[in-house]
Amino acid sequence: MDKEISKSQQREDDEETMNLISSLPSDVDFEGTKLFKYQGCWYNDKTLQAILSFQRDFEPQDTDIIVASFPKSGTTWLKALTVAVLERSKHSSDNHPLLLENPHTLVPFFELRLYMQSSKPDLTKISSSPRLFSTHVPFQTLKEGLKNSSCKIVYVCRNMKDVLISFWYFKCANQEIEKEKNSLESMFESFCTGVSYYGPFWEHILSYWTASLQYPKNVLFLKYEELKTEPHAQLKKLAEFLDCPFTLQEEESGSMEEILDLCSFSNLKNLEINKTGRTPGGVAHKNFYRKGEVGDSKNNLTPVMEKRLDMIIQEKFRGSDMKF
Ligand code: PAP
């Protein structure tokens with residue numbers, strides 16, 4: 001009987017989801033993929049179905065920690081740092097989970113993993129407290145899924161020119177296609193109009209920027225570039241935000257350096273699990289580690305493209321004190 005009720009409930013949920021999706025504004029991106037605009041952001045139908053399941057069924061716990069970002073902004077790195085900060089007293093440096101698993105395995109995405117694999121994933125199997133999750137959805141959509149809980153959210157943003165180039169290389173590597181100029185130009189166009197997967201990027205960033213000002217105890221806003229230039233200060237900020245600040249003794253004994261070394265681009269990139277493994281969705285772990293530098297977009301964008309992006313950023317962020 002229970003099974004029958006849950007099957008009919010499932011059918012009702014599926015129908016509701018399909019009705020909602022078909023009522024949304026739609027458009028196509030540079031590859032001809034149909035995208036739907038939901039709560040201000042563009043998704044393909046598979047991702048959107050997972051988001052709707054997440055919003056409907058996720059049962060948050062106040063201790064949950066969510067790593068959030070626009071794609072290609074430093075998600076993998078921030079996941080690693082978050083795990084390393086929280087787990088620092090539990091593991092020695094040779095049996096650390098980050099040496100054995102990719103950060104995306106340790107901190108699963110709501111919409112790209114858990115709720116994409118199943119509309120009702122079994123989260124009771126996650127034993128660690130706090131539970132760690134991640135997402136690429138903007139704040140307003142995440143907030144709805146988190147109901148009224150007081151989870152902590154750490155967001156990382158990155159210069160959009162580098163994000164675009166990182167995204168483009170990632171796409172080429174996953175699809176094993178040649179990096180032809182054409183595909184960069186069409187992806188660039190989509191990016192600029194905002195009709196791109198998880199776009200518009202400026203609204204994404206502003207959603208978390210505003211939330212971090214409104215709810216400073218729940219939303220921490222970090223920047224990839226600052227993690228690069230002042231890693232100690234940013235790591236300290238992260239640990240304080242997560243309510244596990246470094247003690248003076250830890251600071252003096254080099255605990256922060258250990259974490260930064262463990263999570264460094266070169267260390268993670270060269271681990272066996274990241275050289276050879278794949279995500280459950282089939283993405284090679286190595287594709288999450290390309291160059292890990294600031295300013296690589298200079299080598300790929302023409303001056304005209306750079307200028308156009310600069311102007312968009314200037315216009316869209318005018319009036320906010322958010323600076324790149
Ligand atoms: P995702 O959204 O698919 O999870 P994400 O991790 O946000 O990707 O972005 C990948 C970028 O972070 C890559 O940038 P690049 O293409 O410009 O090189 C990747 O190299 C970089 N990255 C991954 N790990 C680290 C790290 N430990 N330190 C610095 N940068 C990193």
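Could you give me the residue pairs with C-beta distances under 8 Å whose first residue belongs to the stretch 30-55 and is farther than 14 Å from residue 140 by Cβ, whose second residue is basic (Lys, Arg) and surrounded by fewer than 22 Cβ atoms within 10 Å (Cβ to Cβ) wherever it lies, and which are 6+ apart or on separate chains?
44/34; 45/34; 53/120
Do we have any residue at all in the stretch 81-99 that's at pLDDT 95 or above, within 30 Å of residue 264 (Cβ to Cβ) and among the charged types (D, E, K, R)?
no
At least 1 residues that are away from the ligand (no atom under 16 Å from the Cβ) and under 17 Å from residue 313 (Cβ atoms) in each: list the helices (runs of 4 or more DSSP H) lying fully within the stretch 130-199 that qualify.
181-193
Among the listed residues 244, 192, which satisfies the condition of being over 16 Å from residue 152 (Cβ atoms) and at pLDDT 95 or above?
Answer to the check: 192.
Residue 264 passes all but one of (1) open to solvent by less than 70 Å² (accessible area, probe 1.4 Å); (2) in contact with a His (Cβ under 9 Å, 6 or more places away or on another chain); which number fails?
Tallying (1) open to solvent by less than 70 Å² (accessible area, probe 1.4 Å); (2) in contact with a His (Cβ under 9 Å, 6 or more places away or on another chain), residue 264 fails exactly one: (2).
Can you tell me which of 323, 269, 291, 275 is more than 21 Å from residue 104 (Cβ to Cβ) and either open to solvent by 60 Å² or more (accessible area, probe 1.4 Å) or modelled with pLDDT of 95 or more (or both)? Spell out how you get there, then give the answer.
Working: 269 fails: more than 21 Å from residue 104 (Cβ to Cβ); 291 fails: more than 21 Å from residue 104 (Cβ to Cβ); 275 fails: more than 21 Å from residue 104 (Cβ to Cβ).
It is 323.
Hey, among the residues in the stretch 64-105 that are farther than 17 Å from residue 250 by Cα and more than 16 Å from the ligand (Cβ to nearest atom), which one's surrounded by the most Cβ atoms within 10 Å (Cβ to Cβ)?
The extreme case among them is 64.
Residue under question is residue 28, and the condition is that it be over 30 Å from residue 259 (Cα atoms) and hydrophobic (A, V, I, L, M, F, W, C); does it hold?
The answer is yes for residue 28.
Sort out which residues of the stretch 281-313 are assigned to a loop (DSSP other than H, G, I, E, B) and away from the ligand (no atom under 14 Å from the Cβ), and write them in order of number.
Answer for the stretch 281-313, where residues must be assigned to a loop (DSSP other than H, G, I, E, B) and away from the ligand (no atom under 14 Å from the Cβ): just 302.
Between residues in the stretch 58-76 that are of a type in the set (Lys, Arg) and residues that are part of a helix (DSSP H, G or I) and within 16 Å of the ligand (Cβ to nearest atom), which pairs lie under 6 Å by C-beta distance while being six or more apart or on different chains?
Taking only residues 6 or more apart or on different chains, the pairs are 72/163; 72/166; 72/167.
Please go through (1) open to solvent by 30 Å² or more (accessible area, probe 1.4 Å); (2) modelled with pLDDT of 95 or more for residue 128 and return the number of the only condition it doesn't satisfy.
Status for residue 128: all satisfied but (2).
Residues that are closer than 20 Å to residue 186 by Cβ and surrounded by fewer than 17 Cβ atoms within 10 Å (Cβ to Cβ): does the stretch 40-57 have at least one?
yes
Check off (1) modelled with pLDDT of 95 or more; (2) open to solvent by 20 Å² or more (accessible area, probe 1.4 Å); (3) over 26 Å from residue 196 (Cβ atoms) for residue 151 and give me the number that stays unchecked.
Failing condition for residue 151: (2).
Which members of the stretch 22-39 meet the condition of being surrounded by 10 or more Cβ atoms within 10 Å (Cβ to Cβ) and either modelled with pLDDT under 90 or out of contact with any strand residue (DSSP E or B) (no Cβ under 6 Å at 6 or more places or on another chain) (or both)?
Of everything in the stretch 22-39, those that are surrounded by 10 or more Cβ atoms within 10 Å (Cβ to Cβ) and either modelled with pLDDT under 90 or out of contact with any strand residue (DSSP E or B) (no Cβ under 6 Å at 6 or more places or on another chain) (or both) turn out to be 22, 30, 31, 33, 37, 38, 39.
Scan the stretch 218-240 and give yes if some residue there is in contact with an Asp or Glu (Cβ under 7 Å, 6 or more places away or on another chain), open to solvent by 10 Å² or more (accessible area, probe 1.4 Å) and more than 16 Å from the ligand (Cβ to nearest atom), otherwise no. I'd like the intermediate steps shown before the answer.
Of the stretch 218-240, the ones in contact with an Asp or Glu (Cβ under 7 Å, 6 or more places away or on another chain) are 234.
Remaining after also requiring open to solvent by 10 Å² or more (accessible area, probe 1.4 Å): none.
Scanning the stretch 218-240 turns up no residue that is in contact with an Asp or Glu (Cβ under 7 Å, 6 or more places away or on another chain), open to solvent by 10 Å² or more (accessible area, probe 1.4 Å) and more than 16 Å from the ligand (Cβ to nearest atom).
Within the stretch 243-271, which residues are away from the ligand (no atom under 16 Å from the Cβ) and of a type outside the set (Gly, Ala, Ser)? Write out each step before concluding.
Our first condition is that a residue be away from the ligand (no atom under 16 Å from the Cβ); within the stretch 243-271, this holds for 243-255.
243, 244, 245, 246, 247, 248, 249, 250, 251, 252 - these are the residues of the stretch 243-271 that are away from the ligand (no atom under 16 Å from the Cβ) and of a type outside the set (Gly, Ala, Ser).
Being part of a strand (DSSP E or B) and among the charged types (D, E, K, R) is the filter here; which residues of the stretch 200-244 pass it?
Here is the first cut: in the stretch 200-244, the ones part of a strand (DSSP E or B) are 219-223.
Correct list: 223 only.
The values are calculated or read from the model by the stated rules, or taken from the named source; none is laboratory data. These numbers come from a predicted model, not from an experiment. Cβ atoms come from the backbone with ideal geometry, glycine included; neighbour counts cover every protein chain shown. Please note that ligands, DNA and RNA were not included when accessible areas were found on the heavy atoms of the full protein model with its side chains. Shrake-Rupley method; radii C 1.70, N 1.55, O 1.52, S 1.80 Å.
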